[in-house]
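Below: one structure, written as structure tokens.
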Amino acid sequence: MDLQQLPENDVRGRTIYVRLAASASQISSNKKNKGVVIGAVVGSVAVVTVFLAIVKVTIRRRQGHILGTANAVERLSVAYLELELGGDNNNDTGVPFYSWKSILASTENFSDVHKLGQGGFGPVYKGLLPGGKEVAVKRLSSFSVQGSNEFQNEVVLIAKLQHRNLVRLLGYCIEGNEKILLYEYMPYKSLDVFIFDKTLCILLNWRKRFEIILGIARGILYLHQDSRLRIIHRDLKTSNILLDAEMNPRISDFGLARIVEDKVTEASTNKVVGTYGYMSPEYASHGLFSIKSDVFSFGIVVLEVISGKRNTGFYRSAEALNLLGYAWRLWSENRALDLLDPMIIEFCEKSEVFRCINVGLLCVEEDPIDRPTMSNVVSQM
């Protein structure tokens, strides 16, 4: 069975061809003395060198909408962060600054009783602010790979992003080596807690799973296209999808996210960060990331939500298949619905399941060009 390809616009670059005159080789040595010849050659080389430098800059500028380097993207992000935070507590982000004393009081000195979980960058605690407001307190571990740039990154990005499917930042604290983020409290924790638990998974029927998939898609579309900034998340996974009191999905954890210019469709980095099992092939192998990297991660999440199985833990020994391979095989054998979690198969809308599997498989195509954009995904669903 062929996948139903979503409409997509091609992004094409332009190549500049430059013809250089070999004027130095045409200088007549019979008419000029040796010093003049040497001077002419040196002068020609200098002119050509300058010309090549200009051409190189021009080509880079012309191709800027196709490929950006990690340094360029990093400079854009860091410059924006420094402008917003200014290196002190008096910033223009609109995010309240909380004192270290108030953080300790809200968590009862980070008591284990209030610990909600352990994230990639440190533990998360439930806190209670004056007035009775519940918050999630994310404490950056001193051993975390997230440094000051990543911390500032998360503060500024979430402060500027407002969407019903993104977690809301309520405040932050910097005290010596301590870095704290305060988020709105999510009573149902993260998506992975439910879909991978044999007991809790029944609380997410097909209708709710479909709404969660669609909500995640809308949140990513906002990051890629509809927000005032263009953001690549780079760490989309089920444990970074939080569930609010109505079980609506909220994308969280923007420590690895990057701001990119509108014309830049791909960037590269020597520092590959994220979660294996959700990384796109081009990012995991070559450090290339783009909005299509997020699309790939979204596709993995879709297949996990549908099947109730982890991509990293699924393995069919008899067929030597992981979750992606298994999903592709079922699709090719016209048995796509067999991928659905058996706990919810009885009360599902089969056409919606089929459509979501189709979208999920398109999103995990090997070649980024073959993956849809999130606007295509949302319209298809």
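The values are calculated or read from the model by the stated rules, or taken from the named source; none is laboratory data. Small disclaimer: the values here were computed from a predicted structure and weren't measured. Cβ: placed from backbone, ideal geometry, glycine included. Neighbour counts: every protein chain shown.
Side notes on the structure shown:
- Look at segment 321-335: where a residue is free of Cβ contacts under 8 Å to residues at least 12 places away in the same chain and a partner is among the small types (G, A, S), sitting 6+ places away or on another chain with Cβ atoms under 7 Å, you get L330/A336.
- Exactly one residue out of L330, L339, L361, L321 is in contact with a helix residue (DSSP H, G or I) (Cβ under 7 Å, 6 or more places away or on another chain) and farther than 23 Å from A217 by Cβ, and it is L321.
- Among residues of segment 174-227 being of a type in the set (D, E) and under 24 Å from V137 (Cβ atoms), the one that is nearest to the chain's Cα centre (by Cα) is D192.
- The residue of segment 183-226 that is farthest from L243 (Cα to Cα), among those that are in contact with a Cys (Cβ under 9 Å, 6 or more places away or on another chain) and among the aromatic types (F, W, Y), is W206.
- Total residues in segment 344-353 satisfying the condition of being surrounded by 15 or more Cβ atoms within 10 Å (Cβ to Cβ) and not acidic (D, E): the figure is 3.
- Of residues in segment 169-197 being at pLDDT below 90 and not in a strand (DSSP E or B), the one farthest from Q380 (Cα to Cα): G176
Listed here are the residues, each with its yes/no results for (1) surrounded by fewer than 16 Cβ atoms within 10 Å (Cβ to Cβ); (2) at pLDDT below 50; (3) over 24 Å from E184 (Cβ atoms); (4) in contact with a helix residue (DSSP H, G or I) (Cβ under 8 Å, 6 or more places away or on another chain).
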{"residue": "A105", "(1), (2), (3), (4)": "yes, no, no, no"}
{"residue": "P123", "(1), (2), (3), (4)": "no, no, no, no"}
{"residue": "G132", "(1), (2), (3), (4)": "yes, no, no, no"}
{"residue": "F143", "(1), (2), (3), (4)": "yes, no, yes, no"}
